[in-house]
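Here's the structure, in structure tokens; my notes come after.
None of the figures in this text is laboratory data; all of them are computed from the coordinates on show. Nothing here was measured: the structure is a model prediction, and the numbers come from that model. Note: ideal-geometry Cβ built from the backbone for every residue, glycine included; neighbour counts use all protein chains shown.
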Amino acid sequence: MSVKSEVSNWKFSTFLENNNNKFNKNDILNVLAKQDMDEAYQIISKWNNYSPTPLISLNKLSKELNIKKIFYKDESKRFHLKSFKALGGAYAVEKVTKGNKEITVSTATAGNHGRSVAWGSKKLGLKCKIFISEYVSEFRAKVIRSFGADVIRVKGNYDNSLKECIKQSKQNNWQIVQDVAWQDYKLVPKLTMAGYSVMMKEISEQINNQQISHVILQAGVGGMAAAMVAGIARYLDNVPKIIVVEPESAACVLESIKTGKIEKISIKKESLMGGMSCDEVSLVPWEILKNSVSHCVTVSDDYIAKTVKRLASCEFSEEKIIGGECSTPGIISLIGLCNDFKIRKKINLNEESNVLLFGCEGDADEELYQKLLN
Ligand SMILES: Cc1ncc(COP(=O)(O)O)c(C=O)c1O
């Protein structure tokens, strides 16, 4: 059966146009500087076992959707950590500890950021404390412990784990390496974003002078999306349409774009896309996203398992792809947008389009991955 016949009734949940979209390269590079991205690439590309992750063609899906090309950046292969987060936290640890072996590093995490911070700390021989909420799976906790970190589980949600992390870090003089910014805490989140921008540097070389017309970026607190926008400003010759995708239950970027200011939302039900289940866009990413995103879209959890299975069974591409829950919303939203003929036309998604998607993680949570697959 063709892909289209199976996915032709998939829908996105919400779609919003950003009335404040006026992509300005200089403004973006004032928030995340060219030099910061260049330095991150210089350092990370010298790490042991570094190699660019694959940019895979979803040629079967593009044929069915009548789109020229769909590029899928496969972060399941990132340093055996199985997500792009490997680039951010570990890099920030290296930069802020500056070779000082006495420092204890701490962070709060939904999973992948903590894994990166723990891995980076282990590489440098540093002690590490990772705070997780009750929603983070024991599997993810186990992987973090395997890098020698202490894992502290906190009752409640991510916010509670962050509060506890800040409290204990103050008491014990630990160095917090957080990917979320707040007033007076912006340097480290910027470093994590500089680390993520390595993805766009790689992509700019992998696309071989082809122009990307649309990019769909997953957002939790917006760090990865904003880093990719900065990477576009730094490394690409053209400006694609920039579309942010979020879980329908946690659309904090969409709600902020709607009003033009940061909105804290209330999450009624945690999305299966745990890393993207965030209630407030982070300050530094917001400075970039507010004027550079062209559209926001949200998707429901209903299509996640179906997408994971199709990626694994070569229905979208020639090769098998291991894509975890957060790898799916780019694909789901693209299919939904293509199925809506009015919107498809409005945003110029057609047979001339080259669409860039991010496979943010592989089976980072193996147990959840197996459940989604079966
Ligand atoms: C695994 C994972 N965690 C977290 C995020 C969200 O990143 P950020 O919080 O920087 O927006 C994503 C993707 O957006 C992701 O794939």
- How do the peptides 245-253, 53-61 rank, highest first, by the average count of neighbouring beta carbon atoms within 10 Å per residue? 245-253, 53-61
- Message: Test of the criteria: in region 115-220, which GluC sites (Glu not before Pro) are in a DSSP loop and have at most 15 other Cβ atoms within 10 angstrom of their Cβ?
- Response: 134
- Message: Going by amide H atoms built from the backbone, whose H comes under 5 Å of the H on residue 106, apart from near neighbours?
- Response: 129, 175, 176, 177
- Message: Amide H of residue 281 versus every other amide H placed in the peptide plane: which residues, excluding those fewer than 5 positions away on the same chain, fall under 5 Å?
- Response: 263
- Summing +1 per Lys or Arg and -1 per Asp or Glu among the other residues with Cβ less than 9 Å from residue 108's Cβ gives -1
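Ranked from highest to lowest mean number of other Cβ atoms within 10 Å per residue, what is the order of the peptides 120-133, 145-158, 319-332?
Put in order of decreasing packing, that is 319-332, 120-133, 145-158.
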- Taking only Cα atoms, what is the 0 to 90° angle, nearest 10, from helix 112-124's long axis to the longest principal axis of the chain? 50 degrees
- Around residue 249, which amide H atoms from residues at least 5 apart in sequence, or from another chain, sit under 5 Å from its own amide H, with H modelled in the peptide plane? none
- Message: How far apart, in nanometres, would the label points at residue 47 and residue 341 be if each is projected 7 angstrom from Cα along the Cα-to-Cβ direction?
- Response: 4.8 nm
- Task: First check a/c for region 89-178, with a ≥ b ≥ c the square roots of the eigenvalues of its C-alpha gyration tensor; if it is under 1.5, answer rounded, and if not, answer prolate when a/b is larger than b/c or oblate otherwise.
- Result: oblate
- Could you please report the charge total around residue 45, scoring K, R as +1 and D, E as -1 over all other residues with beta-carbon less than 14 angstrom from its beta-carbon? -2
- Note on the structure: Neighbours of residue 97 by Cβ distance under 13 Å: Lys/Arg at +1, Asp/Glu at -1, summed charge +4
- Query: So what's the angle, to the nearest 10 degrees on a 0 to 90 scale, between helix 329-339 and the longest Cα principal axis of the chain?
  - Reply: 20 degrees
- Query: On alpha-carbon atoms, Rg over Rh for the chain using Kirkwood Rh?
  - Reply: 0.94
- Separation of region 42-76 and region 255-332 by C-alpha centroid, Å? 18 Å
- Query: Where is the GNM fluctuation largest for the chain (alpha-carbon springs, 10 angstrom cutoff): 16, 217, 191?
  - Reply: 16
- Among bridges DSSP assigns within the chain, what percent are antiparallel (round to 5)? 25 percent
- Any idea what angle helix 158-172 forms with the longest principal axis of the chain, computed on alpha-carbon atoms, 0 to 90 degrees, nearest 10? 20 degrees
